[in-house]
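K.L.:
First the structure, which I've put down as structure tokens, then a few questions once you've had a look.
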Amino acid sequence: MVDEAELDRLIEAAAADLDAASGGGALCAISRSGRPAPAVKYHEGRWAALTEFRRVRREGAEAADEVGGRWQADLDRLTRQQADANWIAYAQGGVDALADVVDDG
């Protein structure tokens, strides 16, 4: 599992990628536009999952299992339901980001 400094770096990178993908625009305006924005939502999901992971880990929870499992379950559900591409991209971004912070062994 990554240390706090590396986790902070990953969160900063996700925020920078989100800003670049959104062109600095407000996320609520992008979402309300009704237009597909999977690249923006992917990076938003990365940032959201990593910040959730950091918060849960600081609370002493088993962050890797709880947070990662929840994001994967959401992605699986959204995929089965053939949800909007923005929602799938958001969940996929979270799953991918969490894979970067958890050791496989």
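K.L.:
Out of the residues in the range 73-85 that are free of Cβ contacts under 8 Å to residues at least 24 places away in the same chain and outside any loop (DSSP other than H, G, I, E, B), which is farthest from Leu50 (Cα to Cα)?
P.N.:
Of everything passing the filter in the range 73-85, Arg80 is farthest from Leu50 (Cα to Cα).
K.L.:
Further question on the same structure: Can you report the number of residues in the range 20-54 which are part of a helix (DSSP H, G or I) and either surrounded by fewer than 11 Cβ atoms within 10 Å (Cβ to Cβ) or at pLDDT 90 or above (or both)?
P.N.:
Result for the range 20-54: 18.
K.L.:
Could you tell me whether Ile88 is assigned to a helix (DSSP H, G or I), at pLDDT below 90 and of a type in the set (Val, Ile, Thr)?
P.N.:
No; evaluated as a whole, the condition is false for this residue.
The values are calculated or read from the model by the stated rules, or taken from the named source; none is laboratory data. On a predicted model such as this, the values are computed, not experimentally measured, just so you know. Cβ atoms come from the backbone with ideal geometry, glycine included; neighbour counts cover every protein chain shown.
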